[in-house]
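Structure, as structure tokens:
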Amino acid sequence: METILVLAHTETDGSLAKPALEAIGAAKQLGGAFVVGLVGENVQAAANSIASCGAVKFLGATGADFKQPRYATDAAAAEAVCKAAGAAIVIAPATSRWNRVLAGVAHRLGGRADTHVTAVTAANGAVAVNRWYYRQRMEAVLQRTQRPWVIALESGCCEAWKGSAGSAAVEAVAVTLSDACKRTTVTGIHAPAADQQTIRPDAAMLLVAGAGWTKTQPDGKAHIAEAEKHILDFLRLTKASLGSSKSLVDLSGEGQAVLPFMTHLHQIGQTGSTPRHPKGLSTCCHGEEPHTVGWRFVNERRAIDLDPNCGWARGKADVLYIADAFQVMAKVNELLAAKK
Ligand SMILES: Cc1cc2nc3c(=O)[nH]c(=O)nc-3n(C[C@H](O)[C@H](O)[C@H](O)COP(=O)(O)OP(=O)(O)OC[C@H]3O[C@@H](n4cnc5c(N)ncnc54)[C@H](O)[C@@H]3O)c2cc1C
């Protein structure tokens, strides 16, 4: 087996996030020896937390310059760690921090990078990766001869490594940084409060809201405030992740007074996202193909729609409730609240 490096960065608190542990899990199941390379202000605590993962060596590029994500310093650190490891294959978690630099690092090393990788396998010592194409409709298994091969592994695709902490000996990797590398400074982070963040990739369930929530209902009126309450109550009670059909987010984008917490980032489908959740519940969404293609990795699907001829009825859902979502969700939320 070739030399494999798991390249990870620490979080601001010095820990390793789940995607980093998934990259270790992916390297381990290849069966060969692997090295772990860490980048961060101080990586000792992170290395100790994975001391028993089976890595033959721990390398660390550390210092205050690597505390904040910044292209120039991150790329220099990643390059130095890859060189120090003599890595032929680099498995890195596809975090926003790494995604910015990995292609550049591969270029500097004279290698190649593959992004959005969903699996890494080895047969007879030859490493291959899986990757989806054409909006997740076709899956390809790829091998490359060019080395080093930098693989950005999507989160949520591999089992995260679990094991006991210990004490790891970290070999320091020197990184040469010019002043020009340090011109960019992160002055702050704007992020919604945790309870306002409704896109939750790790949630056990996806709740999709469709344009039906904003449509005129049998009493001749639209009930936006009620729709908002049902959706937000469900999210609060279940901690589900929120998705949307394109029609609903387009309405929001057109400045209509619709659901204010919906953005284009919530859109699921051909021109939206393809999240991975064990279960999904679609409400007031017709289930057309450009939307349901985004449900490819949702294992168990249920939908509530008034129309018995909607797309979900055509083999797109495991269970379809022909019912009024306002009534169903009010009852579901009542039952969920009673369980709390
Ligand atoms: C190139 C291309 C790319 C596209 N990409 C995407 C994409 O990425 N994502 C996406 O979503 N769409 C995409 N679309 C659009 C897609 O084809 C549909 O137009 C869109 O998904 C429809 O959204 P909807 O089902 O929410 O709205 P509608 O089609 O308006 O359906 C609303 C549904 O709500 C139901 N309803 C109304 N009231 C209630 C109630 N009280 N209880 C229960 N049900 C109720 C109705 O019966 C109806 O089925 C794309 C289209 C094209 C051409």
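The values are calculated or read from the model by the stated rules, or taken from the named source; none is laboratory data. Since the model is a prediction, treat every value here as computed from it, not as a measurement. Neighbour counts run over all protein chains shown; Cβ positions are idealised from the backbone, glycine included.
Candidates Leu306, Leu265: the one that is modelled with pLDDT of 90 or more, within 25 Å of the chain's Cα centre (by Cα) and surrounded by fewer than 21 Cβ atoms within 10 Å (Cβ to Cβ) is Leu265.
Every condition in (1) out of contact with any Pro (no Cβ under 6 Å at 6 or more places or on another chain); (2) near the ligand (Cβ under 9 Å from one of its atoms) holds for Gly269 except the one numbered (1).
Give me the residue from the stretch 191-207 that is within 16 Å of the ligand (Cβ to nearest atom) and surrounded by 17 or more Cβ atoms within 10 Å (Cβ to Cβ) and, out of that set, nearest to Cys284 (Cα to Cα). Selected residue: Leu207.
Are any of the residues in the stretch 247-260 in contact with an Asp or Glu (Cβ under 9 Å, 6 or more places away or on another chain), surrounded by fewer than 17 Cβ atoms within 10 Å (Cβ to Cβ) and more than 28 Å from His116 (Cα to Cα)? Yes, some residue in the stretch 247-260 is in contact with an Asp or Glu (Cβ under 9 Å, 6 or more places away or on another chain), surrounded by fewer than 17 Cβ atoms within 10 Å (Cβ to Cβ) and more than 28 Å from His116 (Cα to Cα). Could you look through the stretch 290-323, keep only residues that are within 7 Å of the ligand (Cβ to nearest atom) and touching a residue at least 24 places away in the same chain (Cβ under 8 Å), and pick out the one that is nearest to Ala203 (Cα to Cα)? So the residue we want is Gly294. Look through the stretch 208-245, keep the residues that are of a type in the set (A, V, I, L, M), within 13 Å of the ligand (Cβ to nearest atom) and touching a residue at least 60 places away in the same chain (Cβ under 8 Å), and return whichever of them is surrounded by the fewest Cβ atoms within 10 Å (Cβ to Cβ). Among those residues, the one meeting the criterion is Ala211.
When the strands (runs of 3 or more DSSP E) confined to the stretch 66-182 are screened for residues that are more than 19 Å from Ala20 (Cβ to Cβ), those reaching at least 2 such residues are found at 112-123, 126-133, 138-142. Inspection of the stretch 166-175 finds no residue satisfying the criterion of being of a type in the set (D, E, K, R), at pLDDT below 95, touching a helix residue (DSSP H, G or I) at 6+ places or on another chain (Cβ under 9 Å) and surrounded by 11 or more Cβ atoms within 10 Å (Cβ to Cβ).
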